[in-house]
Amino acid sequence: MLPLAGKKAVVIGGSRGVGRQMVEAAVRSGARVLAVARQERPLRLLAQEVVGTATLSLDATDEDAPSKVFHVLQPDILVLCGGALPPGAPLHEQNWDEFTVNWETDVKIAFHFCKLALSRPLPPGSSVVLISSGAGLAGSPISGGYAGAKRMQMFMANYSQKESDRLGLGLRFVALAPARIMPDTDLGKHAVASYSRCLGIPASEFIQGMTSPQTPCDVATAVIELVTNADRSKGNVFVVSGKGVESIS
């Protein structure tokens, strides 16, 4: 039997990058999948290329976005991949709007969806996976508030889990942080270009210096593993690298 047979999965930010890989992995694993993103064109292309995928176009930062999504499909598995490109400049070259962009997108999306998952609530046994970043552990000096926003997502997974446990809801909240930049995603290309420019080196040289890189497919595989493997479900924060998945809390 396929690992997600009979499951309903919603992927926020599902039209590109890690989100797109997550949609494909969930469909292959037997789930009924709803991909949510802001732009309609990439969603139409996704629906054409990944047969059986339902799509919904909306701004996931809106306060009523979770209600609209759950009205279309109430998930057993909710994956939050949506977010903004961070600024790619030193702190003193940023303005406040640039510095806070990931708090106003990545964190805001996580806040609204975790809140409704707890207050609606989602069915017992459901899993909510927040795609964070290794920057939330190690920092990222030219990305403004990005690292702090990604660390906040880790805290939110922990806070939400404690509340689910307190209320006896039977939900599972985890944050999964890719350890390294993924150069084949839009976010990764942006990060590589920004860092190589700041360091004054070619992008190819920057990529060659990366250790244990993971791919979007690795991240999607890790999510499937976390929501189906009881042993992996221990803990709330995990890191995925080219070496696999590791629990850090």
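With each label modelled as a point 7 angstrom along the Cα→C-beta vector, the residue 243-residue 97 pair spans 4.3 nm. Got a sec? Which residues in the stretch 44-78 would a label at residue 119 touch, if it sits 7 Å along Cα→Cβ and we count backbone N under 20 Å? Counting only backbone N, you get 59-75, 78.
Rounded to the nearest 20 debye, the dipole magnitude of the stretch 1-141 is 680 debye, with +1 charges on Lys and Arg beta carbons, -1 on Asp and Glu beta carbons, and the Cα centre as origin.
Work out the length of the dipole vector of the chain about its Cα centre, built from +1 on the beta-carbon of each Lys and Arg and -1 on the beta-carbon of each Asp and Glu, and round it to the nearest 20 debye.
The dipole magnitude comes to about 560 debye.
Simple point charges give the picture: +1 on the Cβ of Lys and Arg, -1 on the Cβ of Asp and Glu, and for the stretch 102-249 a dipole about the Cα centre of about 340 debye.
Tell me which of 21, 118, 192 sits at the most positive position along the dipole axis of the chain, charges placed on C-beta atoms (Lys, Arg +1; Asp, Glu -1). Result: 118, furthest along the dipole toward the positive end. For the chain, the relative contact order works out to 17 percent when only alpha carbon pairs closer than 8 Å and six or more residues apart are counted.
Dividing the summed -39500 (n - 2.57) terms of all DSSP H runs of n ≥ 4 by the residue count of the chain sets its mean residue ellipticity at 222 nm at -12500 deg cm²/dmol. Of all aspartates and glutamates in the structure, those lying under 19 Å Cα to Cα from residue 234, and not within fewer than 8 positions of it along the same chain, are 76, 163, 165, 225, 246.
The Kirkwood radius of the stretch 61-106, taken over pairs of alpha-carbon atoms, gives through the Stokes-Einstein law at 10 °C and 1.306 mPa s a diffusion coefficient of 124 µm² s⁻¹. Modelled spin-label separation between residue 138 and residue 197, with each label point placed 7 Å from Cα along the Cα-to-Cβ direction: 2.2 nm. Per-peptide packing, taken as the mean over residues of other Cβ atoms within 10 Å, places 54-67, 171-184 in the sequence 171-184, 54-67 from highest down. Distance between the pseudo-spin-label points of residue 39 and residue 190 (7 Å out from Cα toward the beta carbon): 1.1 nm.
Would you work out which of 221, 131, 101 lies farthest towards the positive end of the dipole of the chain? Charges go on Cβ: Lys and Arg +1, Asp and Glu -1. The residue sitting farthest along the positive end of the dipole is 221.
Projected over every direction and averaged, the convex hull enclosing the alpha-carbon atoms of the stretch 53-139 yields 7.0 nm².
Quick note: the coordinates plus some simple rules give every number you see, no bench work behind them. Fair warning: this is a prediction, and the values are worked out from it, not measured in the lab. So basically every Cβ, Gly included, is an ideal-geometry build from the backbone, and we count neighbours across all protein chains shown.
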